[in-house]
Structures are given as structure tokens and as C-alpha cells.
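These notes concern the structure reproduced below.
The values are calculated or read from the model by the stated rules, or taken from the named source; none is laboratory data. Here the structure is a predicted model, which is why all the values come from computation and not from measurement. Positions of Cβ are backbone-derived with ideal geometry, glycine not excepted, and every protein chain shown enters the neighbour counts.
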Amino acid sequence: MSMASADSVPSTPTLARFAWFVVFYNVVVIVWGALVRASGSGAGCGNHWPLCNGQVIPVSPGFHTLIEFTHRMMVTGSTFLVLALLAWTLRATIKGQAARWLAVVSTLLLLNEALLGALLVKLGYVNGDPSTGRVVLLAIHLGNTLLLMGALTLTARMLSTGQRWLELPWSRSLCGMIEGLATTIFVGITGSIAALGDTLFPASSLRASFAQDFAASSPWLLRLRLVHPACALIAALFAVWLVARSRKAGAAATAYSVRLGSWVLGLLGLQFALGIADVLLLAPAWMQLVHLLGADLYWVALVLLATETVWPKSAIADSAASFA
């Protein structure tokens, strides 16, 4: 076996499995973070950070303190997991493998995630605060969260395949994938803003909810809610195009990409169904959490499909064969 082909094999199956565990652990952390907002527990630890109400471990915590403190502990666990993933990846891979750089990026995005969360607490952007500053910081926070999940997903994927940066085919298709994924991130950001509006200004009925969207006297957060479904429709077109493109190769399309495409379409349909149910049920907290969970899983599947389309696993074998 040549050196080039040896460089293209997966690092270790155990490391790849650990990386996937980190991905889905962080999905749980994200959903729990939404529970903090939806339950009004953002001030459960006061404006103290990293302490909780001035204590390392709160004594006799109430409901809101327990929810917020649990989230902080989960974030701490995520930090240790991502740092372990970084150290293990640097040790188990060689220079030039994509997983190395992606593990570093994941770590930096996680540190930024913690900083943004701390700013929300220290600046008092919690509970009933509808200020512009909170919305802007929340949008940045959600965008960073999706970038983090994307980086962790790609880290796990590249640890599973052992691909190297020199094998990445730079093309116009790659730019199109980046633009489509950026649009999907914007959908997530507008969704977080819509969820904040639903939480701060709950409607008494479906009719009242629709009236809030168009009334000039409504808070600007509610009048922005319609941006989310509009963006979702645009991003859905990208997803459908991506699935069609991944299957356009006909016999050359791998069973893996076909399966990914089916997952993307299934999760996309589920997201629209959950979004409609969210509106009809007047956005209860549990529905917001289910909707967010579906969004996170959809994002992971979409990132994987986009990567497989522009940089398929078959490229590993082709690259190895060219050096054999």
C-alpha cells in the first residue's frame, strides 16, 4: 500500500464513534438550552457566571435554578468532550487530514458558544427582555450553534473516512453548497427569533395569533415571525435540489448518499409538519423543543449530504488508486 492510500484510511473506528457521540450529546445540550428559554429559567442563577447565584453548587435550588444549573453542567460536559476529541484527533491523525482542522474549529466555536451564553446572562438578556440587544445576541448565538454542530458533524465524518484537504475538489458546486447551507442557518436564526416572540408574547387563540402578525401595534418580534416560514420555503428548495443532485449520478450514486437523501427529505417534511402544528397549538414549550430537535437532526443530515455530494467517500478510493 502506498503512503497516499495509507494517509486516506480512517483514524480509528473507536475515535469516529466517540466523535459521533459528541455530536449527538451536543444536540441534547442545545435542546436543553431551549428549555431554559421556554421555561423562563434564564435568570435561574441570577446574573452570576460561571457561579450560580454566587455558589459553585446551588443549595436547595428552585425549579428555574435547577433547569439553568443543569444546562451549565451539560455545557461543561460538552467542553470536556470536545477538548478530549481535539486531543485524541491530533494524536490519532496525521498532518493534512481534514479532521484535524475541523476539530480545532469545533473547539473554537464551542469556546465562543460559552462566551455568548455568558454574555446573555451577564447583560440580563433573559426571561422577559424583548430588547434589540437580546435579539441580536441570540441570533449570533444560534448561528454559532449551527456552525458548531456543522463542524462537529464534519469532524466525525472525516474521522470516519480519513479524507485529506488536498483531496477536496474545489468547484462552483462547492460554493453553491456553502450558500445553501448558509441559507439554512438563516432559517434557524429566524426560527429562534420567532420562538422568542412566541414565548414573550403568547397568544390566547389562533385568530389572535394571526392578528398579532399584522397589527401595527404588535411588538416587532411578532411581526418578524412571518420571515421564518418564508425563509424555510427557500431553504427547502435548496434541500430538494441537493437531494436531486446527489441522485443525478444514477448508478454512480452510492447507497449511502441515497439513504442520506431520504433522511433529509423525511426530516424536512417532518419540520414543516411540526412548524404547522406549532402554529396551530399556539407554540407550547414542548412543541418548540420537539421542533428544535427535528431542526438539529435535519441540519446534521443536510451537512452530511452536502459533503457527500461535493466530496464523496468514493473519492478516497479514487485518490488511492491514482497513487497506487
Report summary line: Taking the stretch 288-318 and keeping residues in contact with an Asp or Glu (Cβ under 9 Å, 6 or more places away or on another chain), part of a helix (DSSP H, G or I) and either aromatic (F, W, Y) or modelled with pLDDT of 95 or more (or both) leaves V290, H291
Requested in this report: Please go through the stretch 24-60 and pick out each residue that is part of a loop (DSSP other than H, G, I, E, B) and among the β-branched types (V, I, T).
Outcome: V56, I57, V59
Report task. Working only within the stretch 162-184, note down all residues that are at pLDDT 90 or above and hydroxyl-bearing (S, T, Y). Result -> T183, T184
Requested in this report: For the stretch 247-261, indicate whether the set of residues that are under 19 Å from the mean Cα position of the chain (by Cα) and not assigned by TED's automatic domain parsing to the domain that holds I30 is non-empty.
Outcome: yes
Query raised in the report: Take the residues of the stretch 224-248 that are part of a loop (DSSP other than H, G, I, E, B) and surrounded by fewer than 18 Cβ atoms within 10 Å (Cβ to Cβ): which is modelled with the highest pLDDT?
Result: L226
Report task. List every residue pair whose Cβ atoms lie under 7 Å apart, where the two residues are 6 or more positions apart in sequence or sit on different chains, the first residue falls within the stretch 92-106 and is in a helix (DSSP H, G or I), and the second residue, located anywhere, is of a type in the set (F, W, Y). Result -> A98/W165
Query raised in the report: Is at least one residue of the stretch 249-259 out of contact with any helix residue (DSSP H, G or I) (no Cβ under 7 Å at 6 or more places or on another chain) and either within 17 Å of M177 (Cα to Cα) or assigned to a loop (DSSP other than H, G, I, E, B) (or both)?
Result: yes
Requested in this report: Mind listing whichever residues of the stretch 290-303 are surrounded by fewer than 20 Cβ atoms within 10 Å (Cβ to Cβ) and either touching a residue at least 40 places away in the same chain (Cβ under 8 Å) or over 17 Å from the mean Cα position of the chain (by Cα) (or both)?
Outcome: L293, L297
Query raised in the report: In the stretch 43-60, what residues are modelled with pLDDT of 85 or more and touching a helix residue (DSSP H, G or I) at 6+ places or on another chain (Cβ under 6 Å)?
Result: G44, C45, C52, P58
Query raised in the report: Just a yes or no: is a residue in the stretch 80-101 surrounded by 16 or more Cβ atoms within 10 Å (Cβ to Cβ), out of contact with any Leu (no Cβ under 8 Å at 6 or more places or on another chain) and within 29 Å of G197 (Cα to Cα)?
Result: no
